[in-house]
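Throughout, read-outs are computed from the coordinates displayed, never taken from laboratory work. From a predicted model like this one, the values you see are computed outputs, not experimental measurements. Please note: Cβ atoms are built from the backbone with ideal geometry, for glycine as well, and neighbour counts cover all protein chains shown.
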2 protein chains.
Amino acid sequence: MTKRELFENIKRKKSFLCIGLDIDVQKLPRNFVKNTADPIFDYNKQIIDATHQLCVAYKPNTAFYESMGAAGWEALEKTVDYIKQTAPDVFVIADAKRGDIGNTSDMYARAFFSGMNCDAVTVAPYMGEDSVSPFLAYEKKWAIILALTSNKGAYDFQTEKINDENLFETVLRKTQKWGTDNNTMYVVGATKAEMLTKIREIVPHHFLLVPGVGAQGGSLQDVAKHGITKECGLLVNASRSIIYASSNDDFADAAKAEAKKMQAEMEAILNKYQLA
Amino acid sequence: MTKRELFENIKRKKSFLCIGLDIDVQKLPRNFVKNTADPIFDYNKQIIDATHQLCVAYKPNTAFYESMGAAGWEALEKTVDYIKQTAPDVFVIADAKRGDIGNTSDMYARAFFSGMNCDAVTVAPYMGEDSVSPFLAYEKKWAIILALTSNKGAYDFQTEKINDENLFETVLRKTQKWGTDNNTMYVVGATKAEMLTKIREIVPHHFLLVPGVGAQGGSLQDVAKHGITKECGLLVNASRSIIYASSNDDFADAAKAEAKKMQAEMEAILNKYQLA
């Protein structure tokens, strides 16, 4: 998907919501798990059916699938396929935090872009350019590089000072030269929204993937205030607050209601900034 | 596996060789691939049968398996099982370069330590303590944290200066407080062997996983000179130079010969430092 197509989807759907499909089988309704042969995929299917008109992206986190072994990996493949069949306009992010030496990152890119039809992969920057560039070699595909993450551990290294700037700023500065704002995005946690002004000075045009709204406590209004651009430039993710909105068999309806709430808030923001 | 057990294995086998099982199906002998239903696992099986007495660790890199989809993941699971059945004294490293927020790293730890019976997972440090600590919560299991990697991109961030030291030194200093030398190792590329003296000042007792000997050009003698400890403290990895030592049907014999050559060199080093 191109940046322009993504922005068109945002305007049409009046939403910049990304839904994190982080399915932990231990958190699913017991009855549901008992009555289905493939609980992870079937749960996702219901969530996708209920929410795909309210969001512009889905973000399955690979860890949750890998924890179920080969069957989990298969559920991930089926989930990506199902999204692409049901809602081909939705951007699919493999939240995988990958990154390795060149010939190995090549393999990860092959896994997520050829093996699966994902649009983007999240990538850790620690290993540098040759670990990131293989993800940039696919047309209309994206690398989403970790800059400032939403967790407490973000303060261990990402905010260490290098020549009077934070490491995450050095990451933004260097990595933006490896690709363009048409194939690179950045992860910036909503829990650090006040940093977005600084970040926008360095990457004024890149899309940011913003986790941390919802269960992690970040504010959508703050994110928009400091991070929105003329092309929106934001994909705001919520995972647990949507997919586990109910722990009963009405989980899909509850997810829809929660997604609708966020979409409405986003619509108001897009209107306010004259983007819808 | 404990550190002591690992060192005992090194002394008994007179080897600190780790063999990287980075199987790219496109590089396997065509006839072999044609005549087996599960080429990746069957190739690994022959490599393992041929080499397990010469090495103390295997390191499958997850990227190569993921690039084959669910079938690849299954081949990875079967490979780890086969190692643990055939050679239970061999340390198994999932070279996965994982690392995410706490509840997600939990899932990765579950995938590799409970789902599979790996002894260690390689972990990227960028996201900080809560991304690493879930891997340290399993008894006799290890996190192997990226410090200074073997690739060109290592110079993009890992050698950026923070308070007059390199970022990788900051990583060593901070992360060693999160665990102990009984559950944490570090990745240090053999291509940067001259840095090992500095590294040993910070982590004198930790095991180091050293890739980059062989195809990537690092020297085993240099690594030993600057990095060896009283408990050896080194796992030196070779992947392509061993597993693709021949591109014909004699690949297992060729792998064995190549592994034997490295083991002999390691035996001489262990003797020289009075460790065997």
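For this structure, a couple of remarks:
- Axis angle, to the nearest 10 degrees, between helix B:251-272 and the longest C-alpha principal axis of chain B: 30 degrees.
- Axis angle, to the nearest 10 degrees, between helix A:69-86 and the longest C-alpha principal axis of chain A: 90 degrees.
- A helix-only calculation puts chain B at -12000 deg cm²/dmol for mean residue ellipticity at 222 nm, using -39500 (n - 2.57) for each DSSP H run of at least four residues, averaged over all residues.
- Contact order relative to length of chain A, as percent, for alpha carbon pairs under 8 angstrom and 6 or more apart: 21 percent
- The trypsin sites (Lys or Arg not before Pro) found in the stretch A:80-172 that occupy coil by DSSP, while having at most 13 further C-beta atoms within 10 Å, are A:Lys140.
- Pairwise FRET efficiency - B:Asp250 versus A:Thr159, Cβ, R0 = 35 Å, nearest 0.05: 0.05
- Residues A:Thr229, B:Thr36 arranged by fewest to most Cβ contacts within 10 Å: B:Thr36, A:Thr229
- Relative contact order (%) - the stretch A:141-252, alpha-carbon pairs under 8 angstrom, separation at least six: 24 percent
- Computed about its Cα centre, the charge dipole of the protein assembly as shown is approximately 420 debye, with only Lys, Arg, Asp and Glu carrying charge at their Cβ.
- Counting Cβ atoms of other protein chains within 10 Å of each residue's Cβ and taking the mean over peptide B:174-181 gives 1.
- Selection from A:Thr104, A:Thr79, A:Phe7, by position along the positive dipole direction of the stretch A:1-129 (Cβ): A:Phe7
- Translational D in µm²/s for the stretch B:3-272 (Stokes-Einstein at 37 °C, 0.692 mPa s, Kirkwood Rh from C-alpha pairs): 176 µm²/s
- Partner lysines for B:Lys27 [C-alpha distance under 21 Å; skip if fewer than 8 residues away on the same chain]: B:Lys45, B:Lys59, B:Lys78, B:Lys256
- Taking every residue in B:59-65 and counting other chain Cβ atoms within 10 Å of its Cβ, the average works out to 5.
- Annotation: amide H-H contacts under 5 Å for A:Ile23 (H modelled 1.01 Å from N, sequence separation of 5 or more, or interchain): A:Asn61.
- Per DSSP, loop GluC sites (Glu not before Pro) in the stretch A:122-225 with at most 16 further Cβ within 10 Å: A:Glu139
- Neighbouring partner chain Cβ atoms per residue of B:71-78, average, 10 Å criterion: 4
- Helix B:39-51 and the long axis of chain B differ in direction by around 70°, with both axes built from C-alpha atoms.
- Student exercise, the stretch B:119-276 dipole from Lys, Arg, Asp, Glu Cβ charges, in Debye to nearest 20: 220 debye
- Length-normalised contact order of the stretch A:55-176 in % [C-alpha pairs under 8 Å, at least 6 apart]: 19 percent
- 3J(HN,Hα) from dihedral phi, the stretch A:240-246, Karplus parametrisation 6.51/-1.76/1.60, rounded to Hz, x for glycine, proline: 4, 5, 9, 6, 10, 4, 9
- For the cross-link pairs A:Lys84/A:Lys140; B:Lys3/B:Lys225; B:Lys161/B:Lys272, the ones whose C-alpha atoms lie over 26 Å apart are B:Lys161/B:Lys272.
- Applying the criteria of a DSSP loop state and at most 14 other Cβ atoms within 10 Å to the chymotrypsin sites (Phe, Trp or Tyr not before Pro) of the stretch B:187-276 yields B:Tyr273.
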